[in-house]
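All remarks here apply to the structure that follows.
Nothing in this text is a laboratory measurement; each read-out follows from the coordinates by a stated rule. Note that the structure is predicted; figures quoted are calculated from it, not measured. Glycine also receives a Cβ, built like all others from the backbone with ideal geometry; neighbour counts cover every protein chain displayed.
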Amino acid sequence: MAEAAQSVEGQTVQEYIQHHLSFLTYGRHPDGHWGIAHTPEEAAEMGFWALHVDTLGWSVFIGAAFLLFFRYVGKKATADTPGGIQNFVENIFEFVDARVGEGFNYTNRLIGPLALTIFVWVLLMNTMDLVPVDWITGLATLAGEHVFGLEHMSFKIVPTTDVNITMGMSISIFALILYYSIKMKGIGGFLSELAFHPFGKWMLPFNLLIEVPTLFAKPVSLGLRLFGNLYAGELLFLLFASLLGLWQLPAHFAWAVFHLIIVPLQAFVFMMLTIVYLNAAHESHDH
């Protein structure tokens, strides 16, 4: 259950929520030196090339832990008397493999591992939203004050509430869509699909008005859907913590139970849309 602490002493509700929705940002300050931003205003001044150290670090850590754990289970796997952990991992493999079999109609050895990685990685990142909002953030704030001299240091632990993470993943999928579209159909076939479908070559301008936005809507919808659902969930947890006082626990429990559906559902949707989009990239118009 994602219980939360009261607002930090001396902070208003607005300041408390803003603090928890801000990132630990590293970038170039206006005077030219590189370092950590002390305020949201400093983070904004750093511009596009600033790094969100907290969400990058957590996403890499979670991904590495997932890979090492699955590798360990794979090396210890046995066909004689599999244990509970092996059965659990095999069930995940079988679930993802069944979804790939249902949604992908071609032969490509990349799709299965990609779908598995996306599902488990996104699921684990989403699950961080169930950690009490002040536990790790509070520890990071104490460390920031005593180690870095940063008062009320921002530190987010849910990577999928950072649009840079979700859009980075979706743009990577979009690059694969373009790659396989051109590889399977040729550059001419890919461009002809944009120009001549769905209404034929005589309606080329209208076809482009439909197909080009549809193509670019795929990564946008993929990344923003995941971000929006997890960001909204985190925001509600923070509102409960800052507004309800002693009455926050029942509200947190009810929302956390509902969130247990959102967390795996969004990972499943991201995986399935990836499979569907890559299947469409392999399809020719005639097919």
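Tell me which of these L114 doesn't satisfy, since it passes every other one: (1) crowded, with 17+ Cβ neighbours inside 10 Å; (2) farther than 19 Å from L238 by Cβ; (3) more than 19 Å from the chain's Cα centre (by Cα).
(3)
How many of the residues in the stretch 107-120 are in a helix (DSSP H, G or I), more than 12 Å from I92 (Cβ to Cβ) and touching a residue at least 60 places away in the same chain (Cβ under 8 Å)?
3
Return yes or no: is I275 among the β-branched types (V, I, T), under 21 Å from Y180 (Cβ atoms) and in contact (Cβ under 8 Å) with a residue 12 or more places away in the chain?
So I275 fits the description; yes.
Of (1) more than 25 Å from F119 (Cα to Cα); (2) within 17 Å of the chain's Cα centre (by Cα), K183 satisfies all except one. Which?
Unmet for K183, out of (1) more than 25 Å from F119 (Cα to Cα); (2) within 17 Å of the chain's Cα centre (by Cα): (2).
Among (1) under 30 Å from the mean Cα position of the chain (by Cα); (2) of a type in the set (A, V, I, L, M); (3) over 30 Å from I17 (Cα atoms), where does L226 come up short?
Here L226 meets the rest and fails (3).
Please state which one of R109, R99 is farther than 22 Å from W58 by Cα, among the basic types (K, R) and surrounded by fewer than 17 Cβ atoms within 10 Å (Cβ to Cβ).
Within the list R109, R99, the selection yields R109.
Select from the stretch 25-56 the residues that are touching a helix residue (DSSP H, G or I) at 6+ places or on another chain (Cβ under 8 Å), part of a strand (DSSP E or B) and not aliphatic (A, V, I, L, M) and write down the one among them that is nearest to Y231 (Cα to Cα).
The selected residue is H52.
Are there any pairs, at least 6 apart or on different chains, whose C-beta atoms fall under 7 Å, with the first in the stretch 55-67 and within 16 Å of V163 (Cα to Cα) and the second surrounded by 15 or more Cβ atoms within 10 Å (Cβ to Cβ) and aromatic (F, W, Y), and if so, which?
Listed pairs, sorted by first residue: T55/F23.
Which residue pairs have Cβ atoms under 7 Å apart, sit 6 or more places apart or on different chains, and have a first residue in the stretch 129-146 that is closer than 18 Å to V53 by Cβ and a second that is outside any helix (DSSP H, G or I) and not hydrophobic (A, V, I, L, M, F, W, C)?
Here the result reads T141/H152; E145/E151, each pair linking the stretch 129-146 to a residue that is outside any helix (DSSP H, G or I) and not hydrophobic (A, V, I, L, M, F, W, C).
Of a type in the set (G, A, S), closer than 30 Å to Q266 by Cβ, over 18 Å from the mean Cα position of the chain (by Cα) and surrounded by 15 or more Cβ atoms within 10 Å (Cβ to Cβ): is that true of S192 in this structure?
No.
Just to be sure before I move on: is T166 polar (S, T, N, Q), touching a Phe, Trp or Tyr at 6+ places or on another chain (Cβ under 6 Å) and either more than 19 Å from A37 (Cβ to Cβ) or surrounded by 13 or more Cβ atoms within 10 Å (Cβ to Cβ) (or both) in the structure I sent?
yes
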